[in-house]
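J.: A single structure is presented below for examination.
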Amino acid sequence: MAADASTVGSSASSSGGFAPFLVDSLFQRSLDDMIKAIRSAPGGESSLIHRLLAEIRREIRSTDSDTKFLALQKLTYLSSLYFLDMSWAAFHALELLPSSVPAFKRTAYLSASLSFHPSSTDLLPLATHQIRKDLQSPNPSLSSPALHLLALSSSPDLALHLSNDLLSLLSSPRAAVHVRCRAVITSLPVLRLTPDSARAFLPKLVEALSPSSPLLSAAAGIFCELVCSGDPRPYLPLAPDFHQVLLECRNNWILIKILKIFARLILLEPRLKRKLVDPICELMRRSPAKSLVFECLRVVFCSFPDEETAFQLAVEKVKEFIAADDDPNLRFLGLHALAMLQPGQSWAVEENREAIVKSLADPDPNIRHEALRLIMNMVFENNVVEISSLLINYALRSDPEFSNEILDAILVTCSRNFYELVLDFDWYVSLLAEMVRNPHFMTGEEVERQLIDIGMRVKEARSELIRVARVLLIDPALLENQFLHRVLSAAAWISGEYIQFSRNPLEIVEALLQPRTSLLPSPVRAVYIQAVFKIVTFCFNFFVNAGVLSDSKCNIDENTGAESEDSSDATTFKMESLELKELLTSKTIIHILNLIVTALVPFSECNEVEVQERACNVLGLVLLLNGIEEWKTDDVDWRIDGKIREIVTIMSSAFSEELGPVSMHAQKKVLVPEGLELKENLSDLDEILRNNDVPSSLSISFSSRIHSHNEDKEESEPATESTSLLAEHRKQHGLYYLPTDKDESGSNEYPRANDVTNAVSSEKTTNDLLKLTDQSLVFRLTKPAKPRPTVVKLDEGVDLPSSSSQYVREPTGDLLSGAVRDVLFHGDETSPTIQNTLSENYTQRKANETSTISNVDSLLKDSSSPREREIGSSSSRKNKHHSQGKERNRNTRKNENKEEKGNRSSARSSHHHGKHKLKQRVESGDPSLAKAPQTQAIQDFLL
């Protein structure tokens, strides 16, 4: 759109040059005129915007400031409303920056901030002098837009050149408070672009953390962003400052930021908990701000699981949130807070079980989703069956969107970590089949994946899988639902791959070849035909080997049935084999072959290659078998010798290999052949394909002969043949057909699958939800009725989802964190200017921070280990002995002894009290300090 408008604008301005005519200036659209024109042109905004951009491109080239100002104003509005790219106007925005009119300058800065971005800041050096000039201006209307541009569209060079001006503005007492707050906020992108400037900015930002500072709000936001988005370790020395703000500040927004900071620092220094429990509990008791109380709940649930008083108080607050019937936002926050609990704290969820379950029927979709997530997080082996079954029933009466959310949640929870919660796979497979009957079912892909995955991983579940596949395939009403096609594809694959577990293969063949399979898409029909191929192979193989059975062990081929060493299993398998022997006779085989020929001949000329190829393969096998007359007679000698025996051997070897799961890392283990360049540039591939493109008139036909039947005609078979086959199928399997009032012989119309009108009435919704309250959400050890089947796990322990416990993000090694660490932990390496600043800051705040410092010292004393106490006492004795040895020089070293006594308490807590002062003490001749412990502890670098 912008390119077209550029062409129009350039053509329009070619006749008049860069300066518009006087008429254009007089009749130039204002911003109000443009907005009215856009609102009065519904449906034609696209063409109007083209014309407006053309006008703006012509007007913005004007040398008149008023004309350029209006053009930039309109372009800024269009860019903000329609997300247009206005980088082409960056230079024109810079042209207005030197203007003395405040309105022009504000518009120029706003346009520049929208025009420039980090990847295109080539023109920004042209504005360095003007931005510096505006930053030094005492007028807030000039400095504020400059700070806005510096924060949004700065480059590393520009940030480096203007860092001193920003620093002086940040500490200027003459600047307005809101301008200084903007300067504090702007220091964050400057620090990220130039990490070396941390040595200059960090002392000022730490100074702004004072509870009496007017810049406290901005400084708290800066440190919250730094701590939460990067490595929090460098900010541990600032814990006393944050603690003082937590005690003295009364601004809810600032306290929320401080709590977020402590949530990260507690993970690094657990001893902070003892100092934070009382202030946080006090905030939960007295604060009327629900946002602040919720942040306290987050810190308690995630960081204070062992503090019983704080935890009980937090649970009571959660109950108040959930019980707020007049405010859905509070109910959502209460449920969200419970979702933060660890598995060992599920008793808190148990206390609110009834309220959580009732939230599933809340009209707010966010509350329903949070309640569902909370319930699924509390599903264990002892309650997965009951909760899943009740949720499946409730999904029948829910709206389509939430119904599928319930089904997705059950699928994800039960399949987690290789189905670790599922003890009875027969029940779970039946549950998957029950999901398919939901009127709003739309999760066919996941159900398809799990059905096939369970078949490959759990051998004990294959008989139930065959039963479920038969129920799904035999129902013709399911073929019309497009969301079930993937599930039917999985059922067809299972019926062909594990047909040896079926008691009636003939019934499955008839279901796979029923006339209404023409409603399925081509990929699913291809799977159906391939399943028929496998079933025919199994049936004929079993028919040939039917007389070869031993007394204790079955000698049939692996494809005809799994061998069992157990006597009971062998007896069961022998009985099933006898039933199949009576069923699979020569007449049954002939009937199956004739049914295949009748159903698959039309597909042999299908336009879909996959369907045509598989149909031709099956028909070729049928033609081969029909050409041998030996097996159709009553003579049994052909079972031992002859051509039929050779065909059976070849057929058995085709599907004898059992398919299993594939590791997700299998492809990585394949070595790349020498000479193969996988990362080679293939940009010339399009040109090669374009030169060798085959005309559509010369396309190859895979059909055996040209025919004029289109796909619609192919799907509608001759009426007489389809209705006769359908009537026969309906007569045999009438139990699985939906009732209809029409004539069975002539009716080919079935009710739509999963019709919403067939759903159960919603009157029992509340009663069914109350049944969930009878199920405990707490894990209890129960003895299973039968042992859990073996699940094949090829990727166990690899890329599995981690637990919900909190973790500390590893240091990312970014330059800004390293610079902050150097400033806060290595004070002796800082510049003299910063050292003076820190010294002055310490002098000013010493009286206000005495209580906080003593609290931190007592914290470290109480929380230190016995070994640290022993080291501290040993160091104290050495210091005392050293001071007695220097008694004769007391007059000459009086000041040094006073300094040593004043710092003795902090030396017990940590060696890193301050490397600069420590260096002075070592140089003064105190040898005991060279052996001070190197254990890192929390303390302020200002101390």
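The values are calculated or read from the model by the stated rules, or taken from the named source; none is laboratory data. Just so it is clear, the model here is predicted, and its values are computed rather than measured. We place every Cβ from the backbone using ideal geometry, glycine too, and count neighbours over all the protein chains shown. For the accessible areas, the whole protein counts, side chains as well, though only heavy atoms, and no ligand, DNA or RNA atoms are used. Shrake-Rupley method; radii C 1.70, N 1.55, O 1.52, S 1.80 Å.
J.: Scan segment 134-144 residue by residue and report those that are closer than 15 Å to Ala108 by Cα and either of a type in the set (Lys, Arg) or open to solvent by 20 Å² or more (accessible area, probe 1.4 Å) (or both).
T.: Ser141, Leu142
J.: Every residue in segment 82-104 that is surrounded by 14 or more Cβ atoms within 10 Å (Cβ to Cβ) and hydroxyl-bearing (Ser, Thr, Tyr), please.
T.: Ser87, Ser99
J.: Could you list, in sequence order, the residues of segment 337-369 that are assigned to a helix (DSSP H, G or I), open to solvent by 40 Å² or more (accessible area, probe 1.4 Å) and not small (Gly, Ala, Ser)?
T.: Within segment 337-369, Pro343, Trp347, Glu350, Glu351, Arg353, Glu354, Lys358, Pro365, Asn366, His369 meet the criteria.
J.: Is there a residue in segment 237-251 that is modelled with pLDDT under 95 and closer than 17 Å to Ala337 by Cβ?
T.: Within segment 237-251, none of the residues are modelled with pLDDT under 95 and closer than 17 Å to Ala337 by Cβ.
Residue by residue, here is whether (1) touching a residue at least 24 places away in the same chain (Cβ under 8 Å); (2) of a type in the set (Lys, Arg) holds:
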site	(1), (2)
Lys74	yes, yes
Tyr82	yes, no
Ala89	yes, no
Ser99	yes, no
Thr107	yes, no
Ser115	yes, no
Asp122	no, no
Thr128	yes, no
Arg132	yes, yes
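J.: Out of the residues in segment 630-684 that are among the acidic types (Asp, Glu) and at pLDDT 75 or above, which is surrounded by the most Cβ atoms within 10 Å (Cβ to Cβ)?
T.: Out of the qualifying residues, it is Glu658.
J.: Of the residues Val436, Val447, Val429, only one is assigned by TED's automatic domain parsing to the domain that holds Phe483, open to solvent by less than 10 Å² (accessible area, probe 1.4 Å) and either in contact with an Asp or Glu (Cβ under 9 Å, 6 or more places away or on another chain) or more than 20 Å from Leu465 (Cα to Cα) (or both); which?
T.: One residue alone meets the criteria, Val429.
J.: Would you check which residues across segment 453-478 are within 21 Å of Tyr498 (Cα to Cα), among the hydrophobic types (A, V, I, L, M, F, W, C) and surrounded by 19 or more Cβ atoms within 10 Å (Cβ to Cβ) and list them?
T.: Ile454, Val458, Ala461, Leu465, Ile466, Val468, Ala469, Leu472, Leu473, Ile474
J.: Cβ-Cβ below 7 Å, separation at least six or inter-chain, first residue in segment 38-65 and under 20 Å from Arg106 (Cα atoms), second hydroxyl-bearing (Ser, Thr, Tyr) and assigned to a loop (DSSP other than H, G, I, E, B): which pairs?
T.: Within 7 Å, the pairs are Ser65/Ser99.
Each row is one residue, and each column tells you yes or no for (1) in the same structural domain as Leu513 (by TED's automatic domain parsing); (2) open to solvent by 60 Å² or more (accessible area, probe 1.4 Å); (3) assigned to a helix (DSSP H, G or I); (4) modelled with pLDDT of 90 or more.
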position	(1), (2), (3), (4)
Asn555	yes, yes, no, no
Asn559	yes, no, yes, no
Ala562	yes, no, no, no
Lys574	yes, yes, yes, no
Ile592	yes, no, yes, no
Phe603	yes, no, yes, no
Glu613	yes, yes, yes, yes
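J.: Determine whether segment 471-483 contains at least one residue that is more than 30 Å from Ile644 (Cα to Cα), within 36 Å of the chain's Cα centre (by Cα) and aromatic (Phe, Trp, Tyr).
T.: Taking every residue of segment 471-483 in turn, at least one turns out to be more than 30 Å from Ile644 (Cα to Cα), within 36 Å of the chain's Cα centre (by Cα) and aromatic (Phe, Trp, Tyr).
J.: Here's another thing I want to ask about it. With the requirement that a residue be open to solvent by less than 10 Å² (accessible area, probe 1.4 Å) and of a type in the set (A, V, I, L, M, F, W, C), what does segment 386-406 give you? Spell out the reasoning first.
T.: To start, the set of residues in segment 386-406 that are open to solvent by less than 10 Å² (accessible area, probe 1.4 Å) comprises 387-388, 391-392, 395, 402-403, 406.
Result: Ile387, Leu391, Ile392, Ala395, Phe402, Ile406.
J.: Right, here's the next one. Is segment 502-521 home to any residue that is open to solvent by less than 10 Å² (accessible area, probe 1.4 Å), closer than 26 Å to Ser663 by Cα and either of a type outside the set (Val, Ile, Thr) or under 27 Å from the mean Cα position of the chain (by Cα) (or both)?
T.: No - not one qualifying residue is present in segment 502-521.
J.: Report, ordered by the first and then the second residue, all pairs with beta carbons closer than 7 Å, sequence separation of six or more or different chains, a first member in segment 409-433 that is charged (D, E, K, R), and a second member that is in a helix (DSSP H, G or I) and open to solvent by 10 Å² or more (accessible area, probe 1.4 Å).
T.: What qualifies is Asp426/Glu464.
J.: Would you check which residues across segment 168-195 are at pLDDT 90 or above and open to solvent by less than 10 Å² (accessible area, probe 1.4 Å) and list them?
T.: Val179, Ala183, Val184, Thr186, Ser187, Val190, Leu191 - these are the residues of segment 168-195 that are at pLDDT 90 or above and open to solvent by less than 10 Å² (accessible area, probe 1.4 Å).
J.: Also, I was wondering about something else. Can you report the number of residues in segment 479-488 which are surrounded by fewer than 24 Cβ atoms within 10 Å (Cβ to Cβ) and of a type outside the set (Phe, Trp, Tyr)?
T.: Residues in segment 479-488 being surrounded by fewer than 24 Cβ atoms within 10 Å (Cβ to Cβ) and of a type outside the set (Phe, Trp, Tyr): 6 in total.
J.: Here is a check on your reading of the model: is Glu497 among the acidic types (Asp, Glu), in the same structural domain as Ile647 (by TED's automatic domain parsing) and surrounded by fewer than 20 Cβ atoms within 10 Å (Cβ to Cβ)? Give the steps one after another, and end with the answer.
T.: Details: among the acidic types (Asp, Glu): yes; in the same structural domain as Ile647 (by TED's automatic domain parsing): yes; surrounded by fewer than 20 Cβ atoms within 10 Å (Cβ to Cβ): no.
In short, no.
J.: Is at least one residue of segment 290-299 at pLDDT below 90 and either over 26 Å from the mean Cα position of the chain (by Cα) or crowded, with 19+ Cβ neighbours inside 10 Å (or both)?
T.: Looking for residues that are at pLDDT below 90 and either over 26 Å from the mean Cα position of the chain (by Cα) or crowded, with 19+ Cβ neighbours inside 10 Å (or both), one finds none in segment 290-299, hence no.
J.: Would you mention how many residues in segment 370-389 are in contact with a Phe, Trp or Tyr (Cβ under 8 Å, 6 or more places away or on another chain), part of a helix (DSSP H, G or I), more than 20 Å from Ala323 (Cβ to Cβ) and not aliphatic (A, V, I, L, M)?
T.: 0
J.: Can you give me the ranges of the helices (runs of 4 or more DSSP H) entirely in segment 174-287 with at least 2 residues that are farther than 23 Å from His161 by Cα and under 34 Å from the mean Cα position of the chain (by Cα)?
T.: Counting at least 2 such residues, we get 216-229, 239-248, 252-265, 273-286.
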